[in-house]
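Everything on this sheet refers to the single structure shown next.
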Amino acid sequence: MLRVFYFAAVLCGLFSSAPVLALDVDPQTYGYPITNPFAATLATTPEALRPKLPEDSDIDQDDYKIQLHPERAFELTDNFWPVTKMGYRLARQKGAAPLVFIIAGTGAAYSSSTPEYLKKLFYGAGYHVVQLSSPTSYDFMVSASRFATPGVSTEDADDLYRAMQAVRAQHPELKVTDYYLTGYSLGGLHAAFVSKLDETRRSFNFKRVLLLNPPVNLYASISNLNKLVQTEVKGVSNNTNFYDLIFKKLTRYFKQKGYIDINEAMLADFQSSKEALNDEQMAMLIGTAFRFSSADIAFTSDLLNHRGLITPPDVKIKKSTDMTPYFRRALTCDFDCYMTEQLIPMWRARYDGGSLNQLIQDVSLYSLKDYLHNSPKIAVMHNADDIILSRGDLGFLRSTFGDRLTVYPLGGHCGNLNYRVNSDAMLEFFRG
Amino acid sequence: MVKNLLLPSLLLATSLAHAQPDSEKPAVDDDGFKNPLQELKFRPGLDQRVFERSTLEALEVYDPFEPINREIYHFNYRFDEWVLLPTVRGYRWITPDFVEDRVTNFFNNIRDFSGLMNSLLQLKVKRSMDTTARILLNTTIGVLGAWDPATKMGIPQQREDFGQTLGYWGVPAGPYLMLPFFGPSSLRDGTGLLVDFETEGSVDFLEFASISMDTLPMTALWAIDLRKTTDFRYGQLNSPFEYEKIRYVVTEARKLQIAE
């Protein structure tokens, strides 16, 4: 009889010491319809397969502004008047409820489509929701960032943390039971660093933290995105314009829609027509959106810090100033250029930084490996065909997160966030 | 005996099912990564300036009144944020959704009159007939346009404005204009806007005297409804170069609308 117990004990020991495996969603049963990662990234999920979300008119929400840097109102040039205060959106439930902070992805504002979608999802499930702009978006850089040179993840997380504390201070009447945190894309990386910071500052004691399609190696992800504008696009030679090819197909859609947002479900119709874009064209389009973000970052950081690389230091920008020359200069500066000309010099001067490899190590998920490995409250959802990942990144996530990592077979970059299977899993994780 | 046969055949079937999809797909890494970039064709290293060249070309829009346009852009931005949008919010708060929808439909019906005129002027037969049918249906069954039975019957609204008509007959866009209150336009399209307002203002169907577009409350309601139904927000692109981006997109979109 005793032997049975020994045997059971040995078995238990065996199982508990075996590595915990990530949850790999079976491609056969997953049912996500878009198999092309670029199409998934651009078009996201077809309408019929999205979760049921509350209507805007059923959400008690408002946009607010907080002054985090009062001195900036006097220092900033005229063209920055709309963003001297940090904007955010708060959706509140009637009574006491848990609150979710949502951190937007690269260059995205709190009001862009993915944070809006996540807000509706969590609001519908009974959470208060606060949407925050990405530290790489121009409004956050101007109004909330201390150094306005995004890219050092610990500092970006610190800026976010201060912003979150200010948001809470602005709504003392809001009854919050617990705090939750999520972010997608670059916002996912930021969420990890914010969570780490919260372990020492203890302002929120996040109950659960969800990272959606985060970059693992920030520099590798940026290189991937930079490379996308270097694809060989059919029909574009040295005398034809890439935009003439693609923008014409898209502007019709934008105008009819009435507003412009590059990651909305716009390609679904195109892709079934004979005008369908091929992989290179779609890659170019994704890369273009990233290059525009890079240009905004390079320009804003340079101007706020008076570095004189894009805007000459003696130029006083007024509302009527022709910005096109600066836009041109910023557009030729990709993220690599921003890193070498602005980020690395700042990082070296301020933090006694060293080589590029050291910076990459410090700002990527690698530097949090032990913390992430030992924090059961943090989970990751990622896609096997995500375009911001590189070789070995999934392996790192598997060994770091174990069974707190879910790998979906399809979806590209964030294309399946609004797929019903994914949204159910997201809500389920927060429910605990 | 049957059991003995079943097991091997099941095993065979499952192994086949596993083997099949793998043969077509590109290589997958050990950790499950599909490396989506490996299939892309890239340009050779010294010829990678397509993005820069294309974008810098796209920035060339004829905009001789740029300084004043930019001032108006900032004025519109503020007016929108401080006056127009709060008014729309107040209107939506006071007015029941049911009434709001009736108002929107009513003005859409009036817009169909200028749409019809412009479709005719562009010799678009099908569109003119559709729009005529819409006006007839919506003005009668739809009670002066308050309801939109035509859309339900499969005739959705297709807008045509006088700027498009001018473009159709070969009038160039002219300099880019940022109109006060109305936003991005061009000399041609701004002129077209005035003509369309004149057309819509003179609509006096069924001699229904109490509905006149020229009274102040009516104009105010029209403006609020127009803002409510327009999704555009200043600052939406969240970029220090929003002016340039809007300018390019609006210019291109007009070209397309005219070509369509």
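The values are calculated or read from the model by the stated rules, or taken from the named source; none is laboratory data. All values reported here derive from a predicted model rather than from experimental measurement. Every residue, glycine among them, receives a Cβ derived from its backbone with ideal geometry; neighbour counts consider all protein chains shown.
Can you pull out the residues in the range B:86-103 that are assigned to a helix (DSSP H, G or I), more than 10 Å from chain A (Cβ to nearest Cβ) and either out of contact with any helix residue (DSSP H, G or I) (no Cβ under 7 Å at 6 or more places or on another chain) or of a type outside the set (V, I, T) (or both)? Explain how you work it out, then say what you get.
So the first thing to find is which residues in the range B:86-103 are assigned to a helix (DSSP H, G or I), and the list is B:86-94, B:97-103.
From what is left, the residues that are more than 10 Å from chain A (Cβ to nearest Cβ) are B:86-88, B:90-91, B:93-94, B:98-103.
Result: B:P86, B:G90, B:Y91, B:W93, B:I94, B:F98, B:V99, B:E100, B:D101, B:R102.
Report the residue count in the range A:43-70 for those that are assigned to a loop (DSSP other than H, G, I, E, B) and within 12 Å of A:S143 (Cβ to Cβ). Step through it out loud before you land on a result.
Taking the range A:43-70 first, the residues assigned to a loop (DSSP other than H, G, I, E, B) are A:44-46, A:50-55, A:59-60, A:67-70.
Adding the requirement that they be within 12 Å of A:S143 (Cβ to Cβ) leaves A:67-70.
Result for the range A:43-70: 4.
Name the residue, out of A:D314, A:D370, A:D362, A:D386, that is at pLDDT 95 or above, over 30 Å from A:I34 (Cα atoms) and of a type in the set (D, E, K, R).
On the way: A:D314 fails: at pLDDT 95 or above; A:D362 fails: at pLDDT 95 or above; A:D386 fails: over 30 Å from A:I34 (Cα atoms).
Selected residue: A:D370, the only one of A:D314, A:D370, A:D362, A:D386 that is at pLDDT 95 or above, over 30 Å from A:I34 (Cα atoms) and of a type in the set (D, E, K, R).
The residue that is modelled with the highest pLDDT, counting only those in the range A:177-224 that are assigned to a helix (DSSP H, G or I), buried (at least 20 other Cβ atoms within 10 Å of the Cβ) and of a type in the set (S, T, N, Q), is A:S195.
Among residues that are of a type in the set (S, T, Y), closer than 20 Å to A:R146 by Cβ and surrounded by 13 or more Cβ atoms within 10 Å (Cβ to Cβ), A:Y351 is included.
Given the options A:F396, A:F429, name the one that is modelled with pLDDT of 95 or more and under 22 Å from B:N35 (Cα atoms). I'd like the intermediate steps shown before the answer.
Values: A:F429 fails: under 22 Å from B:N35 (Cα atoms).
It is A:F396.
Applying the selection to the range A:400-411, what residues are within 14 Å of another protein chain (Cβ to nearest Cβ) and touching a residue at least 40 places away in the same chain (Cβ under 8 Å)? Steps first, please.
Of the residues in the range A:400-411, the ones within 14 Å of another protein chain (Cβ to nearest Cβ) are A:400-402, A:405-411.
Hits for the range A:400-411 are A:F401, A:G402, A:L405, A:T406, A:V407, A:Y408, A:P409, A:L410, A:G411.
Inspection of the range B:61-73 identifies at least one residue that is among the basic types (K, R) and facing chain A (nearest Cβ under 8 Å). Scanning the range A:16-48 for residues that are away from chain B (no Cβ under 11 Å) and touching a Phe, Trp or Tyr at 6+ places or on another chain (Cβ under 6 Å), which turns out surrounded by the fewest Cβ atoms within 10 Å (Cβ to Cβ)? My answer is A:Y32. Summed over the range B:136-168, the residues that are under 22 Å from the mean Cα position of the chain (by Cα) and either among the acidic types (D, E) or not in a loop (DSSP other than H, G, I, E, B) (or both) give a count of 13. Note on the range B:126-171: residues that are surrounded by fewer than 17 Cβ atoms within 10 Å (Cβ to Cβ) and hydrophobic (A, V, I, L, M, F, W, C) amount to 9.
From the list A:A73, A:A109, the lone residue that is in a loop (DSSP other than H, G, I, E, B) and hydrophobic (A, V, I, L, M, F, W, C) is A:A109. Do we find a residue being part of a helix (DSSP H, G or I) and in contact (Cβ under 8 Å) with a residue 40 or more places away in the chain anywhere in the range A:143-153? Yes, the range A:143-153 has at least one match.
Which one is farthest from the other protein chains (Cβ to nearest Cβ) among residues in the range B:29-51 that are part of a helix (DSSP H, G or I) and over 30 Å from A:L21 (Cα atoms)? Full working, then the answer.
Taking the range B:29-51 as the starting set, the residues that turn out to be part of a helix (DSSP H, G or I) are B:36-39, B:50-51.
After this cut, where a residue has to be over 30 Å from A:L21 (Cα atoms) as well, the list is B:50-51.
On the way: B:V50: 6, B:F51: 4 Å.
Across the range B:29-51, the extreme among qualifying residues is B:V50.
The lone criterion from (1) within 30 Å of A:T41 (Cβ to Cβ); (2) part of a loop (DSSP other than H, G, I, E, B); (3) within 14 Å of chain B (Cβ to nearest Cβ) left unmet by A:S375 is number (3). Just one of (1) touching a helix residue (DSSP H, G or I) at 6+ places or on another chain (Cβ under 8 Å); (2) buried (at least 17 other Cβ atoms within 10 Å of the Cβ); (3) not in a loop (DSSP other than H, G, I, E, B) fails for A:I310. It is (3). Mind checking whether some residue in the range B:172-188 is buried (at least 19 other Cβ atoms within 10 Å of the Cβ), away from chain A (no Cβ under 12 Å) and part of a helix (DSSP H, G or I)? Checked against the condition, which is being buried (at least 19 other Cβ atoms within 10 Å of the Cβ), away from chain A (no Cβ under 12 Å) and part of a helix (DSSP H, G or I), the range B:172-188 yields at least one hit.
A single entry from A:D78, A:D63, A:D139 fulfils the requirement of being out of contact with any helix residue (DSSP H, G or I) (no Cβ under 6 Å at 6 or more places or on another chain), among the acidic types (D, E) and either closer than 16 Å to B:P240 by Cβ or assigned by TED's automatic domain parsing to the domain that holds A:V315 (or both): A:D78. For A:A268, the conditions (1) at pLDDT 95 or above; (2) more than 14 Å from chain B (Cβ to nearest Cβ) all hold with the exception of (1). So, of the residues in the range B:224-245 that are at pLDDT 90 or above and more than 8 Å from every other protein chain (Cβ to nearest Cβ), which turns out to be surrounded by the most Cβ atoms within 10 Å (Cβ to Cβ)? By that ranking, first place goes to B:E242.
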